[in-house]
Amino acid sequence: MSQKPAILITGADLAAPAVELLKDFELIYAGKSPQPEEVLALCKKHNPLAILLRYGKVTAEMMDAAPALKVISKHGSGTDTIDKEAATRTGIKVVAAAGANAAAVAEHALASLLACAKSTVHLNERMHSGHWDKATFKTLELNGKTLGLIGLGAIGLRFAKMCNAIGLRVIGFDPYAKNLPDYIQEVDLKTIWQQSDAISLHCPLTTENKDLLNKNTLSLCKDGVIIVNTARGGLINEADLLNAIQSNKVSMAALDSFAAEPMIAGHAFQGNKRIILSPHIGGVTSDAYINMGVGAAKNILSVLLPVATSI
């Protein structure tokens with residue numbers, strides 16, 4: 001058995017530069033799709049100093065099973081899959097690789113918005129079926145339209161810059177944002193709902209904003225609004241969104257995250273041609289994989305280095 005202190009990685013791999021940063025530790029990999037009971041067993045067996053969270057959740061039970069645990073580092077920006085209350089109670093630090101995947105997710109959000117406005121998925125399917133719809137079909141021009149952003153962190157700001165460049169008026173809501181660029185008009189949530197031709201979500205999921213997009217907020221929106229979500233599925237009440245699409249309140253939705261993941265066969269969104277689906281892959285690029293791994297590793301070292309050097 002290795003004499004090095006352990007770090008548990010809830011995934012099957014880690015970018016080589018991140019592995020190099022953590023070379024003084026024994027890296028324990030939980031596998032491609034780690035189940036809670038498997039992660040719990042590894043916590044009990046290896047008593048890691050750190051958990052580098054790629055997939056799944058970190059629960060209070062897992063923290064209790066690893067008394068040496070000092071830090072939980074997210075391979076990405078969202079920490080809603082970590083029981084932060086339990087971490088606070090036990091003195092475990094929770095850190096995230098904020099901004100490491102900002103370019104990747106912002107690009108995916110732009111692709112999703114354009115796919116909705118330009119009907120690229122639908123028209124591609126029609127063309128492959130032998131149809132030529134030029135005389136009977138019109139797409140949406142985004143130039144001059146209003147985009148409402150909820151969340152103006154690294155991803156939201158990058159997406160806003162892209163959208164401003166193609167002629168969209170950008171309005172945004174984020175109670176924590178400061179010193180916004182002049183191409184983003186800061187507004188309240190009610191204004192987002194009422195004025196936006198398209199709404200894109202870029203905020204973390206909290207107990208306060210769960211089901212932020214619901215039948216009440218959707219009722220305030222323009223008819224035919226486009227919804228894009230590359231953040232967290234829990235921000236949207238899925239049944240309410242489906243009803244809004246069926247009633248034409250929402251013209252199109254592009255979703256990269258869902259209330260329960262992975263999505264299982266038979267989900268109500270599947271087969272609906274006005275909902276574009278992707279498997280929470282917005283931040284999954286070769287560059288983001290490296291950036292998130294390195295960011296997560298550096299965050300671990302910033303907490304563990306004094307501990308590690310004393311062992």
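The values are calculated or read from the model by the stated rules, or taken from the named source; none is laboratory data. Since this is a predicted model, take the numbers as computed values, not measurements. Ideal geometry is used to build each Cβ from the backbone, glycine not excepted, and the neighbour counts take in all protein chains shown.
Can you tell me which of Leu205, Leu213, Leu180, Leu189 is of a type in the set (A, V, I, L, M), closer than 27 Å to Pro279 by Cα and in contact with a strand residue (DSSP E or B) (Cβ under 9 Å, 6 or more places away or on another chain)? Spell out how you get there, then give the answer.
On the way: Leu205 fails: in contact with a strand residue (DSSP E or B) (Cβ under 9 Å, 6 or more places away or on another chain); Leu180 fails: closer than 27 Å to Pro279 by Cα; Leu189 fails: closer than 27 Å to Pro279 by Cα.
Criteria check complete, one pass: Leu213.
Given the criterion under 26 Å from Gly148 (Cβ atoms) and not hydrophobic (A, V, I, L, M, F, W, C), identify the matching residue among Gly78, Gly56, Gly91. Break it down into steps so the answer makes sense when it comes.
Details: Gly56 fails: under 26 Å from Gly148 (Cβ atoms); Gly91 fails: under 26 Å from Gly148 (Cβ atoms).
Answer to the check: Gly78.
Looking only at residues that are out of contact with any Lys or Arg (no Cβ under 8 Å at 6 or more places or on another chain) and more than 21 Å from Lys210 (Cα to Cα) in the range 250-274, which one is surrounded by the most Cβ atoms within 10 Å (Cβ to Cβ)?
Selected residue: Arg274.
Has the range 100-112 got at least one residue that is out of contact with any Cys (no Cβ under 7 Å at 6 or more places or on another chain), surrounded by 13 or more Cβ atoms within 10 Å (Cβ to Cβ) and outside any helix (DSSP H, G or I)?
yes
Rundown of residues vs (1) buried (at least 20 other Cβ atoms within 10 Å of the Cβ); (2) assigned by TED's automatic domain parsing to the domain that holds Glu141; (3) over 25 Å from Asn243 (Cβ atoms), yes/no style:
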{"residue": "Cys163", "(1), (2), (3)": "yes, yes, yes"}
{"residue": "Gly167", "(1), (2), (3)": "no, yes, yes"}
{"residue": "Asp174", "(1), (2), (3)": "no, yes, yes"}
{"residue": "Glu186", "(1), (2), (3)": "no, yes, yes"}
{"residue": "Glu208", "(1), (2), (3)": "no, yes, no"}
{"residue": "Asn214", "(1), (2), (3)": "no, yes, no"}
{"residue": "Leu220", "(1), (2), (3)": "no, yes, no"}
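What pairs come up if the first residue lies in the range 210-226 and is over 18 Å from Cys116 (Cα atoms), the second is loosely packed, with under 15 Cβ neighbours inside 10 Å, and their beta carbons are under 8 Å apart, counting only those six or more places apart or on different chains?
Lys215/Asn243; Leu220/Lys190; Leu220/Gln194
Mind checking which pairs have a first residue in the range 239-254 that is at negative phi and a second that is hydroxyl-bearing (Ser, Thr, Tyr) and at pLDDT 95 or above, Cβ under 7 Å, 6 or more apart or different chains?
Qualifying pairs under 7 Å: Ala254/Ser112.
Would you list the strands (runs of 3 or more DSSP E) that sit entirely within the range 148-213 and hold 1 or more residues that are over 21 Å from the mean Cα position of the chain (by Cα)?
On the way: elements: 169-173, 184-186, 198-201.
The qualifying strands (runs of 3 or more DSSP E) are 169-173, 184-186.
Among the listed residues Met127, Met62, which satisfies the condition of being without any contact (Cβ under 8 Å) to a residue 40 or more places away in the chain and in contact with a strand residue (DSSP E or B) (Cβ under 8 Å, 6 or more places away or on another chain)? Walk me through how you get there before you give the answer.
Values: Met127 fails: in contact with a strand residue (DSSP E or B) (Cβ under 8 Å, 6 or more places away or on another chain).
Selected residue: Met62, the only one of Met127, Met62 that is without any contact (Cβ under 8 Å) to a residue 40 or more places away in the chain and in contact with a strand residue (DSSP E or B) (Cβ under 8 Å, 6 or more places away or on another chain).
Return the total of residues in the range 67-97 being surrounded by 15 or more Cβ atoms within 10 Å (Cβ to Cβ), in contact (Cβ under 8 Å) with a residue 40 or more places away in the chain and not acidic (Asp, Glu).
13
Can you find even one residue in the range 264-286 that is assigned to a helix (DSSP H, G or I), closer than 25 Å to Leu114 by Cβ and in contact (Cβ under 8 Å) with a residue 40 or more places away in the chain? Reasoning before the result, please.
Quick first cut of the range 264-286, residues assigned to a helix (DSSP H, G or I) only: 286.
Subset that is closer than 25 Å to Leu114 by Cβ: 286.
Then drop every residue that is not in contact (Cβ under 8 Å) with a residue 40 or more places away in the chain, which leaves none.
Among the residues of the range 264-286, not one is assigned to a helix (DSSP H, G or I), closer than 25 Å to Leu114 by Cβ and in contact (Cβ under 8 Å) with a residue 40 or more places away in the chain, which makes the answer no.
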